[in-house]
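Okay, structure first, notes after.
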Amino acid sequence: MASQDWFEKDFYATLGVDEDADAATVKREYRKLARKLHPDQNPGDTAAEQRFKEIGEAYAVLSDAEQRKQYDAIRQMAHGGARFAPGAGGNGGFEDVFSNLFTGGGGGPGMRFTTSGGPGGAQPDMEDLLRMFGGGGGQSPFGQGYGAYGAPTGPRPGADVEATVTIGFPEAVRGDTVTLTAADGERITTRVPAGVKDGQRIRLRGKGGFGDPQAPRGDLFLNVTVTPHEVFGRDGDNLTVDVPVTFAEAALGATIKVPTLGGDLVGVKIAAGTQSGQRLRVKGRGIATKTSTGDLIATVHVVVPQHLTDEMRAAIEVLAAADAETDVRADLRARAARA
């Protein structure tokens, strides 16, 4: 933006805010106007489109703390806060105004400007000043693509925003469609991919804040929270489940039915002598993603009966007598002694 335009434009009035409005107020009022005047909401309305450009221009300056400070200083000049006098001499002259603006006080060391070239061209002339402020027919001293004070020119893209969504464990495994409501009331519907993990961050391009006219929208970063499941857990792309088995099934071997996340049952063979804590794998019954499919991992837990009938007690006593010579803790003691 050319800075000489700042003398003529009241960006505060454009956004309908006071000159001492804080950043949050400026942002709120801009968003309110942007929603109302956006070209998508006013197709074919050239007046609304022009107003949309004007509020975008105003917000670009007032939302930037440094540019706003410089804009306020220029407005003060325009409203009588500083006076311009022709020539290079005298207090309150043109060079003193810009010396105050750029160095913080008159008469001290620092950058000074005059309306003439000065001896040997050591001082920049009026054309140089206009170039610095983005005008004058020449290029900005900051390079192509930059205007006043080195600020980038062109429409500003929209800001990136973040949101949080909570979904259930089954929905995270299978994928789900969620609808979000933004602060300005806009509703955004998107697909959460199958296999999304708790705490995963998903980027939705072009779903963020609105930018200046003809500028792209920002991105929406979606932080996903997955609620735990009562039965199933997750280990990478594998589903995990704890499966209780009886002492007889573990000792003698058996084929048992294990539930899957979809609700159907899958047969799992338990070998004779299976120990509590042993993991059994069912291929391809885990979490399916774009690149792979995990397995179902069933962890065996041997359940000891708490209430014995006389027949059960008698049978166990026979087993205990037959196994009396077996020391199941011998290896434990040996490892403990070596440690």
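The values are calculated or read from the model by the stated rules, or taken from the named source; none is laboratory data. Model, not experiment: these values are computed from the prediction. All Cβ positions, even for glycine, are placed from backbone atoms using ideal geometry, and neighbour counts span all protein chains on display.
What to note about this one:
- Some residue of region 189-207 being in a loop (DSSP other than H, G, I, E, B), surrounded by 15 or more Cβ atoms within 10 Å (Cβ to Cβ) and among the polar types (S, T, N, Q): yes
- Any chance Val243 is in contact with a strand residue (DSSP E or B) (Cβ under 7 Å, 6 or more places away or on another chain) and under 30 Å from Ala320 (Cα atoms): yes
- Taken together, the residues in region 215-270 that are of a type in the set (Phe, Trp, Tyr) and more than 22 Å from Ala172 (Cβ to Cβ) amount to 1.
- Of all residues in region 252-261, those satisfying the criterion of being of a type outside the set (S, T, N, Q) and either surrounded by 15 or more Cβ atoms within 10 Å (Cβ to Cβ) or in a strand (DSSP E or B) (or both) are Ala254, Ile256, Lys257, Val258, Pro259, Leu261.
- Those residues of region 277-291 which are charged (D, E, K, R) and either in a loop (DSSP other than H, G, I, E, B) or closer than 16 Å to Ala172 by Cβ (or both), in sequence order: Lys283, Arg285, Lys290
- The combined condition, being in contact (Cβ under 8 Å) with a residue 24 or more places away in the chain, crowded, with 18+ Cβ neighbours inside 10 Å and among the aromatic types (Phe, Trp, Tyr), is fulfilled by Phe210.
- Put simply, of Ala78, Ala65, Ala88 the only residue that is of a type outside the set (Ser, Thr, Tyr) and at pLDDT 85 or above is Ala65.
Here's the yes/no breakdown for (1) among the polar types (S, T, N, Q); (2) in contact with a strand residue (DSSP E or B) (Cβ under 9 Å, 6 or more places away or on another chain); (3) at positive phi; (4) in a loop (DSSP other than H, G, I, E, B):
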{"position": "Ala250", "(1), (2), (3), (4)": "no, yes, no, no"}
{"position": "Gly263", "(1), (2), (3), (4)": "no, no, yes, yes"}
{"position": "Val266", "(1), (2), (3), (4)": "no, yes, no, no"}
{"position": "Ala272", "(1), (2), (3), (4)": "no, yes, no, yes"}
{"position": "Glu317", "(1), (2), (3), (4)": "no, no, no, no"}
{"position": "Val328", "(1), (2), (3), (4)": "no, no, no, yes"}
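- Residues in region 5-21 include none that are under 27 Å from Glu66 (Cα atoms) and under 27 Å from the mean Cα position of the chain (by Cα).
- Flag if Thr25 is among the β-branched types (Val, Ile, Thr) and either without any contact (Cβ under 8 Å) to a residue 24 or more places away in the chain or at positive phi (or both): yes
To keep it simple, each residue is scored yes or no on (1) of a type in the set (D, E, K, R); (2) within 16 Å of the chain's Cα centre (by Cα).
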| residue | (1), (2) |
| --- | --- |
| Arg201 | yes, yes |
| Gly206 | no, yes |
| Phe210 | no, yes |
| Arg217 | yes, yes |
| Phe221 | no, yes |
| His229 | no, no |
| Gly233 | no, no |
| Asp242 | yes, no |
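- Filtering Ala254, Ala248 for residues that are farther than 28 Å from Gly195 by Cα and free of Cβ contacts under 8 Å to residues at least 12 places away in the same chain leaves a single hit, Ala248.
- Check on Thr181, surrounded by 13 or more Cβ atoms within 10 Å (Cβ to Cβ), without any contact (Cβ under 8 Å) to a residue 40 or more places away in the chain and over 17 Å from Thr289 (Cβ atoms): no
- Search result, residues across region 217-235 that are assigned to a loop (DSSP other than H, G, I, E, B) and surrounded by 14 or more Cβ atoms within 10 Å (Cβ to Cβ): Arg217, Gly218, Asp219, His229
- Only one of the numbered conditions (1) touching a helix residue (DSSP H, G or I) at 6+ places or on another chain (Cβ under 9 Å); (2) at pLDDT 90 or above; (3) not acidic (Asp, Glu) is violated by Leu222, and that is (1).
Residue by residue, here is whether (1) in contact (Cβ under 8 Å) with a residue 24 or more places away in the chain; (2) acidic (Asp, Glu); (3) touching a helix residue (DSSP H, G or I) at 6+ places or on another chain (Cβ under 8 Å) holds:
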site: Gly206; (1), (2), (3): no, no, no
site: Pro228; (1), (2), (3): yes, no, yes
site: Gly263; (1), (2), (3): no, no, no
site: Ser276; (1), (2), (3): yes, no, yes
site: Ser292; (1), (2), (3): yes, no, no
site: Pro305; (1), (2), (3): yes, no, yes
